[in-house]
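See structure below.
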Amino acid sequence: MCGIGGIFQHDRQRPIDPTVLIGMAAIQSHRGPDGCGWKMIEGSGVGFTHARLAIIDLNADRARQPFVSPNQEVMIAHNGEFYDYKRIRADLTSRGYKFRSKTDTELLMHLTERFGLEGALPHLRGEFGFAVYEKEYDRLTLVRDRFGIKPLFWTMTPEGFVFGSEIKVLFAHPAVERKISPHGVYHQLMQLMVPGTTAFEGVHAVQPGQMVIVEREDNQLRVRIKTYWDLNFPLLNERTEQSDEYYIETLRERFIEAIQLKLEADVPVACYLSGGIDSCTILGVAAACQQSPVKAFTVGFDNQDYDETEISKEMSRAVGADQDIVMTRGGELYDHFARTIWHTERSIYNTFTIAKMLLSDHVHRAGYRVVLTGEGSDELFAGYPQLRLDMIRHGMNDATPEERADLEAWLQESNRLFQGNLLAQNALDDPALTQLVGFTPSCLQSWLSMGSQVPGLLHPDLRAALLNYSPGEAIASALDPAQISGRHPLDKVQYIWIKTQFESQVLGWAGDRVDMANSMEARPPFLDHHLVEFAVTLPPLMRFRGKRDKYVLREAMKGLLPKALYDRQKFAFMAPPSHTDVEKQRALRSLCDLYLSKRAIAEAGLLDADAVDQVLQRHADPNTPLSTRTQLDGIINHLLSVQLLHQQFVAADLPNLARERAQSLNWQLQQPVLSGVR
């Protein structure tokens, strides 16, 4: 895992300042503290940069990126991991291809040479974001992995195209405008992003499973986007039914293979462990694969309603893991709020994001750089209550009204902590989404309901700019209707969640961004695309049956799960909201006094100070219903986030910060390690 960046100029003869490339690497040195590499191809107006985290091939000189082909025709910068690389490497070697490093990155060079770039993509298994420049075609291509596990952003300036693993990498380039957009503020405050967008004007995210292709003609760059992979849930009329045993055995086989591949590294590999069956099954299989105790790291909270440490201890004991528990208490999380926003580059609604960052910091200090993590299981097997709610309401045609009512009452009661957050307090119908899906997915309803409060929180100028704006319509327009039409209702909502909140929230600010803040590589076995391509064929009742979520996974892993875990319903991993503890309330109020004062709001010009004050008063009022206070807690976190985004990314001089960081790291032009790449 690393960080990449680069420049592709309209004018091929315009010189690129190498110090800008070095600064683009330095500002993301948390992603790659083990060294900087940069390279420009003369006369091409293109330059790449790379900050390295050494995981595969620890030899600094041999493994330094960017990689350039011997004929100087192809240049590659890569962030992420390609799995099964040893088998592919052996195959390529037998065909006469020569390797100069032991890295998985070099596979991409030879696979592209053999199959062409698009032909190489089906062979790439893992999480990645990479850039390839092909001099023959004068073409730059950005590619992001199939689910968006690794981030990748781009923008166009008057000078040319700029890209990087994080938004701050783009902002290290002096030609990139730093401005929060009206639509960006709107979506930061409601927590629901339009796929491919960010908080910032003109800054785009490469979407999962897509290629951004940039070609130059007559000193003018043109951008086009192409999808190379999608989930492709089967059409209803094409679904075939197999026995339960077939689905259980096939899932077990593919899951074990995915974990085996992700244990491959030249450094020790640990596991994150919560109280859910996702991380517990990974830990159990990893322990069996390694035939030795696995290090397991768990984060705990000082509130029994939200803490999962006791159930995680039971799993740890069952497999003989060496467990390390990091407890977070009181207002501690709010002390790290500002640093978290620097890394997430977007708003957060719950401080579990901060807890995750503190956990990854602890893991890093314990001497680990790689962890296996459970993201993706809830998405594939309908673990979230919102997904199950739509299955109950729209996908159980054979159930009687009484059976559906009983299941819904059970679901609502067992997830009462998350009312007003994951589960909307009141049903909401969005016309655009209902037209696309047939109903408004429950997984979006709580966030869309927050959206109705957003205009009143905005500065009057932004409010005017967003008059008649429909976030639901914008999201519906960004989704591929061909991937939704003709599918089972559960398939539809899983697809929409994966393309919206999963990519931007679960994998973004709760995944890569807070792990890589501490140079920690997180590997999610459930998102191995070979496993996923099987999982989308599972009948809905293999995902949610009776009152048992993730039915097929439970049955496949039943032999290694303690009974308490096997029987336990899925609960969301969240930190206790601020109103649950006096110390948390004080810590939150201190942040509000600093960042949500009338002066701070006036300086940023994004919010309405009087409306913000009303939110704070309602949240502090003990007579406000708890579900409403939970929702207000999220809104306040969003408000703080927006103010911090302005302070850290707009008001700050990021090009100068990047230069200063390069100097402090001693990543300078005269260093031999920066002289280029073979």
Take the residues in region 79-124 that are crowded, with 22+ Cβ neighbours inside 10 Å, in a loop (DSSP other than H, G, I, E, B) and modelled with pLDDT under 90; name whichever of them is nearest to the chain's Cα centre (by Cα). 104
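Among the residues of region 456-490, which ones are more than 30 Å from residue 610 (Cβ to Cβ) and either in a loop (DSSP other than H, G, I, E, B) or over 26 Å from the mean Cα position of the chain (by Cα) (or both)?
Step one: filter region 456-490 for residues more than 30 Å from residue 610 (Cβ to Cβ), giving 476-490.
The answer is 479, 480, 484, 485, 486, 487, 488.
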Yes or no: residue 42 modelled with pLDDT of 90 or more and of a type in the set (Asp, Glu)? no
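Is there a residue being among the β-branched types (Val, Ile, Thr) and in contact with a Ser or Thr (Cβ under 7 Å, 6 or more places away or on another chain) anywhere in region 513-521? Break it down stepwise before answering.
The first filter runs over region 513-521 and keeps only residues among the β-branched types (Val, Ile, Thr), leaving 514.
Retained after the next criterion (residues that are in contact with a Ser or Thr (Cβ under 7 Å, 6 or more places away or on another chain)): 514.
The answer is yes; a qualifying residue exists.
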(1) closer than 30 Å to residue 116 by Cβ; (2) free of Cβ contacts under 8 Å to residues at least 40 places away in the same chain; (3) in contact with a Phe, Trp or Tyr (Cβ under 9 Å, 6 or more places away or on another chain): which one isn't true of residue 262, the others all being true? (2)
Of all residues in region 204-246, which are within 26 Å of residue 11 (Cα to Cα), in a loop (DSSP other than H, G, I, E, B) and over 28 Å from the mean Cα position of the chain (by Cα)? 217, 218, 219, 220
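Does residue 147 satisfy the condition of being of a type in the set (Phe, Trp, Tyr) and under 15 Å from residue 500 (Cα atoms)? Full working, then the answer.
Values: of a type in the set (Phe, Trp, Tyr): yes; under 15 Å from residue 500 (Cα atoms): yes.
For residue 147, the condition - of a type in the set (Phe, Trp, Tyr) and under 15 Å from residue 500 (Cα atoms) - is met.
Would you check if there is a residue in region 342-361 being out of contact with any Lys or Arg (no Cβ under 9 Å at 6 or more places or on another chain), small (Gly, Ala, Ser), touching a residue at least 60 places away in the same chain (Cβ under 8 Å) and open to solvent by 10 Å² or more (accessible area, probe 1.4 Å)? It would help to see each step written out before you state the result.
Applying the first criterion (out of contact with any Lys or Arg (no Cβ under 9 Å at 6 or more places or on another chain)) to region 342-361 yields 347-350, 352, 355-356, 358-361.
Then keep just the ones that are small (Gly, Ala, Ser); that gives 347, 355, 360.
Filter again for touching a residue at least 60 places away in the same chain (Cβ under 8 Å), leaving 347, 355, 360.
Now narrow it down to the ones that are open to solvent by 10 Å² or more (accessible area, probe 1.4 Å): none.
No, the conditions are met nowhere in region 342-361.
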Residue 578 passes all but one of the listed conditions (1) open to solvent by 20 Å² or more (accessible area, probe 1.4 Å); (2) polar (S, T, N, Q); (3) touching a Gly at 6+ places or on another chain (Cβ under 9 Å); the exception is number (1)
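If you check residue 266 against the conditions, is it at pLDDT below 95, open to solvent by 20 Å² or more (accessible area, probe 1.4 Å) and at positive phi?
Details: at pLDDT below 95: yes; open to solvent by 20 Å² or more (accessible area, probe 1.4 Å): yes; at positive phi: no.
Taking the combined requirement at face value, the residue does not satisfy it.
Could you please find all residues in region 389-404 being assigned to a loop (DSSP other than H, G, I, E, B) and loosely packed, with under 13 Cβ neighbours inside 10 Å? Show your work before the answer.
To start, the set of residues in region 389-404 that are assigned to a loop (DSSP other than H, G, I, E, B) comprises 395-400.
Selection gives 397, 398, 400.
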A careful count of residues in region 296-318 that are open to solvent by less than 40 Å² (accessible area, probe 1.4 Å) and either within 23 Å of residue 559 (Cα to Cα) or over 28 Å from the mean Cα position of the chain (by Cα) (or both) gives 9
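The values are calculated or read from the model by the stated rules, or taken from the named source; none is laboratory data. The model shown is predicted, which means the values in this text are computed figures rather than measured ones. Cβ atoms come from the backbone with ideal geometry, glycine included; neighbour counts cover every protein chain shown. Just the protein is used for accessible areas: all its heavy atoms, side chains included, with ligands, DNA and RNA removed. Shrake-Rupley method; radii C 1.70, N 1.55, O 1.52, S 1.80 Å.
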